[in-house]
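Report on the structure given below.
The values are calculated or read from the model by the stated rules, or taken from the named source; none is laboratory data. Just so it is clear, the structure is predicted and the values come from calculations on it, not from any experiment. All Cβ positions, glycine included, derive from the backbone under ideal geometry; neighbour counts span all protein chains shown.
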Ligand code: GLN
C-alpha cells in the first residue's frame, strides 16, 4: 500500500486520481497486516485498489466528475465497494471519470481530462485513456493501483480497457448491485473491474458481485468461482463472429487482430461460426435515446437543495436553474436536453417508445444467436487511443466509439475486453467477447484463451 500510495502521489500529470485517501488506505492495510499475521486473511486481503468516483464512499467526497456534487460526502458506502472492503481490499483513492460517466474519452470531467500512459511510437502527443472509466483504465495501466472499480452503461469499462492495454469486464445486468452508485441510465448501468489480466478480473468480480436486497434489479443467483474455471479452455465451445461488426472505415489492423483472435481460439479447440446480427446498426441510435432519457430523469434530483452545489437566488426556480446551469458541464446538459425531448409529450411515442421496441428486438436477436453459440467475438473499439481534444468538437464522432459495446448493455449481456495486440504505432488494441446472461464463466474462459 505504501508503494502504491507513493506511486499514485507521483502520477499527478496523468490526473487519474481525484482524491487519494492515504489515511483510509493505511488503516485498512494495517488491519490486513493484522489479519494476515493471525492467519485469517480474506480473498483480497491488503490488495490496493482505486475506486471510480461514481461509487459512493462513506465519509469520502464523491463527485461523479461533476461540479454540481461539490462537497457531497455520502453517509453510506456503495454495496460494490463495501463488498470489496469486506473481502479485505484497500482503497487508495477515488478515480477520475467523465462527468456522470457520460463520455468516451474522460474529457468531460470537471476535474479535467485523464491522460493515457501510452504514447504513439515516436510521438509525444497526449492520448485519451477512453471513458468514462478513464481514471480506472489509466491508473491500472500505469500501475498506480492493482485493480480498479469501473462502471459500464454503453462501454465505459470495455472501451477504456481496450485503449489502455488492460482487461475490463461488464458483467450481466443484475450481477452487481447498483446501490450507492451514482445513477446515469439505470436500465443499462453495471459495475465491473478493470485489471491487469484476466485472472485478476475473475478474482475481483467475484468479490464485487452478488445479490443485494437494496437493488431490486440485482439478481439472486450464486456467484461462481470465476478463477476456478479459467484454465478449462475453450475446446468444444462455439464462438460466433458477427459480420455486421465489419464496419466501413475500420482500420486494417483491427480487422487483422480480429482475424488473429479467431485463429487463436480455433487453435485452442473452439469452433468458429459466422453469425449475423442485422439489428446491430440500430444499437447506437437506440442507446443514444434510452440512455439520455434515463439520465434526464436521474439527474433531476440535482436541484441545489439535496446535494452539493447551490447558486443562491431568492426565487426558488431561479435557484434551481442557476445551480443546474453552473453545475452541469456541456455534455451532461446535452444529454438532459436530448432525454427531456425524447420523453416529452408528442415525441415520447416517436422516440422513446420506438427505441424501447427496437431494444427488445435487439435483445431477442442476440438471444437467438446465443442459442447457437456460446460466445461472440468482436473488436472492442473501432480505433486505438485517440488524441486529447481530437473528438471533443464533434459529439457524433465521440458517440461512434461505442459502436461495438452498446449492444451488450441494451441486451444486458456480459462482455469483456482483453488486450490482444498493438497497432503499427505500438498502441494497445482489445478484443471483446460477449456471452449469455449470467454466464460470465464462459466469458472468462474465452478471455483467458485470448490473453
Ligand atoms: N460513452 C458512452 C456514453 O457516453 C458510454 C458511457 C458509459 O458506459 N458510462 O454514454
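Can you name every residue in the stretch 371-396 that is in contact (Cβ under 8 Å) with a residue 40 or more places away in the chain and over 13 Å from residue 105 (Cα atoms)?
Across the stretch 371-396, the qualifying residues are 372, 373, 374, 375, 376, 377, 378, 379, 380, 382.
Sort out which residues of the stretch 135-150 are surrounded by 24 or more Cβ atoms within 10 Å (Cβ to Cβ) and touching a residue at least 40 places away in the same chain (Cβ under 8 Å), and write them in order of number. Step through it out loud before you land on a result.
From the stretch 135-150, those surrounded by 24 or more Cβ atoms within 10 Å (Cβ to Cβ) are 135-141, 144-145, 147-150; that's our starting set.
Those that are surrounded by 24 or more Cβ atoms within 10 Å (Cβ to Cβ) and touching a residue at least 40 places away in the same chain (Cβ under 8 Å): 135, 136, 137, 138, 139, 140, 144, 145, 147, 148, 149, 150.
Every residue, every condition in (1) surrounded by fewer than 14 Cβ atoms within 10 Å (Cβ to Cβ); (2) over 27 Å from residue 205 (Cβ atoms), yes or no:
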position: 234; (1), (2): no, no
position: 237; (1), (2): no, no
position: 251; (1), (2): no, yes
position: 263; (1), (2): yes, yes
position: 288; (1), (2): no, yes
position: 292; (1), (2): no, yes
position: 315; (1), (2): yes, yes
position: 327; (1), (2): no, yes
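Counting only residues that are part of a helix (DSSP H, G or I) and modelled with pLDDT of 95 or more, how many does the stretch 400-451 have?
First pass over the stretch 400-451, keeping only residues part of a helix (DSSP H, G or I): 400-402, 406-411, 440-450.
Imposing the further condition that a residue be modelled with pLDDT of 95 or more reduces the set to 406-411, 440-450.
Number of matching residues: 17.
In the stretch 87-105, what count of residues is obtained for those that are within 16 Å of the ligand (Cβ to nearest atom) and either touching a residue at least 60 places away in the same chain (Cβ under 8 Å) or over 18 Å from residue 132 (Cα atoms) (or both)? Give the steps one after another, and end with the answer.
Residues of the stretch 87-105 that are within 16 Å of the ligand (Cβ to nearest atom), as a first pass: 95-105.
Subset that is either touching a residue at least 60 places away in the same chain (Cβ under 8 Å) or over 18 Å from residue 132 (Cα atoms) (or both): 95-96, 98-105.
The qualifying residues number 10.
Give 153, 108 a once-over and let me know the one that is within 10 Å of the chain's Cα centre (by Cα), surrounded by 24 or more Cβ atoms within 10 Å (Cβ to Cβ) and within 16 Å of the ligand (Cβ to nearest atom).
On the way: 108 fails: within 10 Å of the chain's Cα centre (by Cα).
Going through 153, 108 in turn, just one is within 10 Å of the chain's Cα centre (by Cα), surrounded by 24 or more Cβ atoms within 10 Å (Cβ to Cβ) and within 16 Å of the ligand (Cβ to nearest atom): 153.
Looking only at the stretch 297-313, count every residue that is part of a helix (DSSP H, G or I) and either over 20 Å from the mean Cα position of the chain (by Cα) or crowded, with 21+ Cβ neighbours inside 10 Å (or both) and tell me the total. Reasoning before the result, please.
Just the residues of the stretch 297-313 that are part of a helix (DSSP H, G or I), to begin with: 297-301.
Filter once more, keeping what is either over 20 Å from the mean Cα position of the chain (by Cα) or crowded, with 21+ Cβ neighbours inside 10 Å (or both): 297, 299-301.
Result for the stretch 297-313: 4.
Condition (residue is away from the ligand (no atom under 16 Å from the Cβ), more than 20 Å from residue 20 (Cβ to Cβ) and not in a loop (DSSP other than H, G, I, E, B)) applied to the stretch 46-66: is it met by at least one residue?
Looking for residues that are away from the ligand (no atom under 16 Å from the Cβ), more than 20 Å from residue 20 (Cβ to Cβ) and not in a loop (DSSP other than H, G, I, E, B), one finds none in the stretch 46-66, hence no.
Anything in the stretch 399-419 that is surrounded by fewer than 24 Cβ atoms within 10 Å (Cβ to Cβ) and within 11 Å of the ligand (Cβ to nearest atom)? List them, or say none.
Passing the criteria: 399, 400, 403.
A quick yes/no check of all residues on (1) at pLDDT 95 or above; (2) more than 15 Å from the ligand (Cβ to nearest atom); (3) in a loop (DSSP other than H, G, I, E, B); (4) closer than 26 Å to residue 191 by Cβ:
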{"residue": "323", "(1), (2), (3), (4)": "yes, yes, no, no"}
{"residue": "363", "(1), (2), (3), (4)": "yes, yes, no, yes"}
{"residue": "385", "(1), (2), (3), (4)": "yes, no, yes, yes"}
{"residue": "397", "(1), (2), (3), (4)": "no, no, no, no"}
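So residue 84 fits all but one of (1) part of a loop (DSSP other than H, G, I, E, B); (2) away from the ligand (no atom under 16 Å from the Cβ); (3) in contact (Cβ under 8 Å) with a residue 40 or more places away in the chain; what number is the exception?
Evaluating residue 84 over (1) part of a loop (DSSP other than H, G, I, E, B); (2) away from the ligand (no atom under 16 Å from the Cβ); (3) in contact (Cβ under 8 Å) with a residue 40 or more places away in the chain leaves (1) as the failure.
When you scan the stretch 436-448, do you find a residue that is surrounded by 24 or more Cβ atoms within 10 Å (Cβ to Cβ), within 16 Å of the ligand (Cβ to nearest atom) and touching a residue at least 60 places away in the same chain (Cβ under 8 Å), even just one?
No, every residue in the stretch 436-448 fails to be surrounded by 24 or more Cβ atoms within 10 Å (Cβ to Cβ), within 16 Å of the ligand (Cβ to nearest atom) and touching a residue at least 60 places away in the same chain (Cβ under 8 Å).
Go through (1) more than 30 Å from residue 276 (Cα to Cα); (2) in contact with a strand residue (DSSP E or B) (Cβ under 6 Å, 6 or more places away or on another chain); (3) away from the ligand (no atom under 16 Å from the Cβ) and name the single condition residue 181 misses.
(3)
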